[in-house]
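Report on one structure; see the data block that follows.
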Amino acid sequence: GTVVTQGQAFGTIESVKAVSDVYAPLAGTIAEVNTDLADSPERLNEDPYGEGWICLLEPDDADAYEALMDAAAYRALTEE
């Protein structure tokens, strides 16, 4: 039920060496949180597009999805 603004940090990811913020890709309301990550945080790395999801976000504007990159575009960007 938390309302987030696009670009707003709404959580953190902690590793052995660092803590990083997680930013909202869209403005909206967090509808569900993957509580299984508390017991199995490795799922973020092992299956980020499946069981490693962080939360479900109900966007304020469904058309805002069009401005986001898909997995292939993001992979291409990070491999440059």
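Every read-out reported here was derived from the displayed coordinates using simple, explicitly stated rules and does not represent laboratory data. Please read these numbers as outputs of a predicted model, since none were measured by experiment. Here Cβ is always computed from backbone atoms with ideal geometry, including for glycine, and neighbour counts include all displayed protein chains.
Along region 65-80, what does the Karplus equation 6.51 cos²θ - 1.76 cosθ + 1.60 (θ = phi - 60°) give for ³J(HN,Hα), rounded to whole Hz, x for Gly and Pro?
Couplings: 4, 4, 7, 8, 7, 8, 4, 5, 5, 5, 4, 4, 4, 6, 8, 5 Hz.
R0 = 35 Å: FRET efficiency of E66 with D39, Cβ-based, nearest 0.05?
0.50
What chymotrypsin sites (Phe, Trp or Tyr not before Pro) in the chain are in a loop by DSSP, with at most 11 other Cβ atoms within 10 Å of the Cβ?
Listed in order of number, the matching sites are Y49.
Computed from these coordinates, which is semi-axes √(5λ) of the Cα gyration tensor in Å: (i) 18, 14, 11; (ii) 21, 18, 13; (iii) 36, 12, 10?
(ii)
Using the basic label-point model (7 angstrom from Cα toward the beta carbon), what is the D21 to E51 distance in nanometres?
Once both label points are built, they end up 3.1 nm from each other.
Search the structure for amide H atoms under 5 Å from the amide H of V22, placed 1.01 Å from N in the peptide plane, and list their residues when 5 or more places away or on another chain.
Sorted by chain and number, the residues that satisfy this are F10, G11, T12, I13.
Based on Cβ point charges of +1 for Lys and Arg and -1 for Asp and Glu, what charge dipole magnitude is obtained for the chain about its Cα centre, in debye rounded to the nearest 20?
Here the size comes out at about 260 debye.
Determine the calculated [θ] at 222 nm for the chain from helices alone, applying -39500 (n - 2.57) to every DSSP H run no shorter than 4 residues and normalising by the residue count; nearest 500 deg cm²/dmol.
Computed mean residue ellipticity for the chain: -4000 deg cm²/dmol.
Could you derive backbone 3J(HN,Hα) for region 24-32 from the dihedral phi with the Karplus parameters 6.51, -1.76 and 1.60 (θ = phi - 60°), listing whole Hz in sequence and x where the residue is Gly or Pro?
In residue order, the calculated couplings are 6, x, 9, 6, x, 10, 6, 9, 7 Hz.
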